[in-house]
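Chemist: Supplied in structure tokens, the structure appears directly below.
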Amino acid sequence: MLATAFFAGWTMASRRHARPEYDWESAEYEYRFDKDDPRQHSQTTRITIRANRDGVELFKNRYRWTGNGKSEITILTPRQRLLTEWSSREAGWRYYYVMLDHPLKKGEPATIHIQHELYDSSNTFDPIVAKNVIEPLTSLKLRVIYPESLAPVSVLARERVPSRNGDPLWRDVDRQPVPTQRSAGDVVALYEPRKLTVGRRYELTWIWDQTRKSSK
């Protein structure tokens, strides 16, 4: 199946009632498919945080990818460094840590710019790009860029909450069709939720053209 799922999130403070070292202000995710090899994907992520105390110098994050193959992270922000990345086999989450270019002072912002290079050698992805909002977030953008040869039949924006009975794990509270735009030979889908609520998931999901897929 020529599809993809990328779930992004971040870890809570180490103590449930402690204020975290920093707050997230905005997050933007851009997922792109290679026009020559639909198993080759990349995601560019831009996250802005603001320190809640002096001396913040480490950014922690996690993601879950349903593909089976290469997954490599590059830090694009000058003078920031990727310290480590490790996986939780049970839950499927991958955690990574970024050293900022300098310790932040209380109230100081910082932007972390990240690129994931992903290769789905087994074609195991699901057609979803999603963000789980675990802590307050002011702004979110989910953008998926398809080459014309992989243009989807339809795209949906979905706002979801945890299911009470656990089957399925999430249920929709809002879903809207997303019009796509043509740009420089690509097809672009963009979802910018107007209001973000802690505990909910925001996602773009789509249906592929089965005829085009089978011809690849």
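The values are calculated or read from the model by the stated rules, or taken from the named source; none is laboratory data. The shown structure was predicted, so the numbers you read here are calculated from the model rather than taken from an experiment. Quick reminder, even Gly has a Cβ in these numbers, built from the backbone with ideal geometry, and neighbours come from all protein chains shown. What goes into the accessible areas is simple: the full protein's heavy atoms, side chains included, and nothing from ligands, DNA or RNA. Shrake-Rupley method; radii C 1.70, N 1.55, O 1.52, S 1.80 Å.
Chemist: Using only protein heavy atoms and a 1.4 Å probe, report how much of ASP172 is accessible, in Å² to the nearest 10.
Modeler: We get 50 Å² for ASP172.
Chemist: Moving on. Taking H as built 1.01 Å from N, whose amide H comes closer than 5 Å to the amide H of GLY69, not counting residues under 5 places away?
Modeler: Excluding prolines and chain starts, which carry no amide H, the hits are SER121.
Chemist: Continuing with this model, one more query. Taking 22 Å as R0, compute the FRET efficiency from the Cβ-Cβ separation of LYS105 and ARG79 and round it to 0.05.
Modeler: That gives a FRET efficiency of 0.85.
Chemist: Any chance you could run the full-extension gain for ASP172 through SER121? It's 0.36 nm times the residue separation minus the Cα-Cα distance, nm to one decimal.
Modeler: 15.3 nm
Chemist: Another question about this same structure. Which of ARG194, ARG81, ARG50 moves most in a GNM of the chain, Cα contacts under 10 Å?
Modeler: Of ARG194, ARG81, ARG50, the Gaussian network model singles out ARG194 as fluctuating most.
Chemist: For ASP126, what residues show an amide H to amide H distance below 5 Å, using hydrogens built from the backbone and excluding near sequence neighbours?
Modeler: THR4, ALA5, THR66
Chemist: Now, a different point. Just to check I understand the Karplus step: with θ = phi - 60° and J = 6.51 cos²θ - 1.76 cosθ + 1.60, what whole-Hz values come out for the stretch 38-55, glycine and proline as x?
Modeler: 3J(HN,Hα) across the stretch 38-55, in whole Hz: x, 7, 8, 10, 9, 10, 9, 10, 10, 10, 10, 10, 9, 5, 9, 7, 6, x.
Chemist: Once phi is turned into ³J(HN,Hα) by the Karplus curve 6.51 cos²θ - 1.76 cosθ + 1.60 with θ = phi - 60°, what whole-Hz value does each residue of the stretch 122-131 show in order, with x for glycine and proline?
Modeler: Calculated HN-Hα couplings, in order: 9, 6, 10, 6, 10, x, 9, 10, 9, 10 Hz.
Chemist: Any chance you could run the full-extension gain for ASP34 through THR138? It's 0.36 nm times the residue separation minus the Cα-Cα distance, nm to one decimal.
Modeler: That pair, ASP34 and THR138, stretches by 34.4 nm at full extension.
Chemist: OK, next. Placing +1 at every Lys and Arg Cβ and -1 at every Asp and Glu Cβ, with all other atoms neutral, what dipole size does the chain have around its Cα centre, in debye to the nearest 20?
Modeler: 560 debye
Chemist: A further question on this structure: Percent of accessible area on the chain owned by carbon and sulfur, 1.4 Å probe?
Modeler: 46 percent
Chemist: Between ALA184, ALA27, ALA51, where does the largest GNM mean-square fluctuation fall for the chain, given springs only between Cα atoms within less than 10 Å?
Modeler: Maximum fluctuation in the GNM of the chain, among the listed residues, is at ALA184.
Chemist: Multiply the residue separation of LYS70 and SER183 by 0.36 nm, subtract the distance between their alpha-carbon atoms, and state the gained length in nm to one decimal.
Modeler: The span from LYS70 to SER183 would gain 37.9 nm if fully extended.
Chemist: Can you give me the accessible area per residue for the chain, using a 1.4 Å probe, in Å²?
Modeler: 53 Å²
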